[in-house]
1. Hey, if you put +1 on the Cβ of every Lys and Arg and -1 on every Asp and Glu Cβ in region 146-322, which of LEU250, ALA224, ILE282 ends up farthest toward the positive end of that dipole?
2. So, by mean Cβ neighbours within 10 angstrom, what's the order for 241-248, 81-88 with the highest one leading?
3. I need THR301, THR108, THR12 ordered by Cβ neighbour count within 10 Å, fewest first.
4. Report, in debye and to the nearest 20, how large the dipole of region 146-322 comes out about its Cα centre when Lys and Arg carry +1 and Asp and Glu carry -1 on their Cβ.
5. Quick one: length gained pulling SER95 to THR12 fully straight, 0.36 nm per residue minus the C-alpha distance?
6. Can you compute the FRET efficiency between ARG196 and LEU278 using 1/(1 + (r/R0)^6), with r the Cβ-Cβ distance and R0 = 35 Å? Round to the nearest 0.05.
7. Treating only the Cβ atoms of Lys and Arg (+1) and Asp and Glu (-1) as charged, compute the dipole magnitude of region 180-277 about its Cα centre; round to the nearest 20 debye.
8. Magnitude of the Cβ-charge dipole of region 63-140, K/R +1 and D/E -1, about the Cα centre, nearest 20 debye?
Amino acid sequence: MVSELPVEQYFTPPDKRRIAAVTEESSGGRISDILTASTGLSPTEQAIAAHMVSLRRGSPGTVRVYLPTLLAFFRFAETPVTHIRVWHIEDWLNSLEQAAYKPATIATKLACIKSFFGYLWKCGLLPLNPAAPVKGPKHIEGHHGDRVLLAEEVQELLEHTRRHAPARDHLMCRLLFAAGARAAEAVSLRWGDLRRDVRGRWYATVMGKGRKTRHLHIPKDLAADLLVWKGALYSIEPYQPAPGLDAVPLFPNRRVLTQPITVKTAYRIVTRWGEAALGRKISPHWLRHTFATHSRLAGATLEQIRVALGHESIQTTIRYEHSPHLTEPAGEILERRGVGTKG
C-alpha cells in the first residue's frame, strides 16, 4: 500500500530526463514501485513519473502534452508538489493570460494540472486536491454545449423510434448515442466487428479518423437487441454463430442487405426521427456530443472520453469540459442554499 508522498523541505525543479528514464523503465510495472524504489527522484519527480506511467497505459500521446505542462507549472510555482495550494495554480493561470495564451490553450493546460492532482489525491498520495476548486477560462470557442440533448430528450427520441421507426433506424440512433460513434464509423460496422471480451462486455471494432482502430463499448441491452434483429433479418437464432454473416453490414441497405447504408442516409435517419420526436433538427454528431457530455457528468475522465471518441489529441476533448452543461454557476450554489429563489 502506498502512503502519502514525503514532504520536500527544499524545492528542486523536476528534471525531464530523469522522469522520462524512470517512466520508460516502469512502463510495464507497478506504479507503486516508482514511489517506493530508490530511483533518486524527488517526491515531485516521483509523483510526475507515476502519473505519466498511468497515462501512458491509456495513451502515449497524452504524455507528450501533459509532461511539458507539468514541468512548466512547477518551474513557475517553485514549490514542491506537497506544498502546492490553490493560489499557486491560479497565479500560474493568470500568468498565462498575461502572456496572451488563447483560452483554449489555457484550458488544456489546466486540464493537465487537474488530471495530475486528481490522480495523486485518488491514489492517497496527497490529503487534498488543490486543483479541484480552480476554474478555467470563461469562454472557450468551439465548445459543443449548443448541440447536446437533455437526458429526457434522449429517452424521448429512443422511445419514439422504438415505437414508430423501423428497427434499423431505432438501433442506429441507439448506437450513435450509446457508443459515441461517428456516422461514418456506424455505417461501416459489420456483424463480425461485434464481439465480447473475457469479462462478457460487448464491443465493436471500428476504423476511425486517420485509419486508426478503436473499440466502441456496446451496452449489453443494445447488443442483445442487435442480435435479435440479426436473427429476424436472416432467420437464425439471435446468439447462433453465423460466420457467413461476418462481412455483412450491421445497418444494411433496404434493397440489398449485403450493402451498407451511406453516411448521408444515417444523417437522414437521425434528422427525420429527431424532428418527429423532439420537433427540431438534430444530426448524428449531436448524439456523439451528447454521449461525451453525459459521460463526463457521470464521472468519466477526459482521457476515457478521448479514447471513446477516438480523438487524436486531448486538446480536442478538452472543449467538452467548458460546455455550459458541465459548469457550476454561482447562482446554482445560491439556489441550493434556498436564498431568494422563491417569490
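Values quoted throughout were computed directly from the atomic coordinates according to the rules given, and no laboratory measurement underlies them. Worth saying up front: this structure is predicted, and the values here are computed from it rather than measured. Using ideal geometry, Cβ is built from the backbone for each residue, glycine included, and neighbour counts are taken over all protein chains shown.
1. LEU250
2. On the way: 241-248: 12.5, 81-88: 17.0.
Packing proxy ranking, top to bottom: 81-88, 241-248.
3. On the way: THR301 16, THR108 25, THR12 12.
Fewest-to-most ranking of THR301, THR108, THR12: THR12, THR301, THR108.
4. On the way: 28 positive and 17 negative charges, 99 e Å.
It comes to approximately 480 debye.
5. 27.8 nm
6. Working: r = 33 Å, r/R0 = 0.95.
The calculated FRET efficiency here is 0.55.
7. Working: 17 positive and 8 negative charges, 86 e Å.
Roughly 420 debye, rounded to the nearest 20.
8. Numbers: 9 positive and 4 negative charges, 53 e Å.
Using Cβ point charges on Lys, Arg, Asp and Glu, region 63-140 gives about 260 debye.
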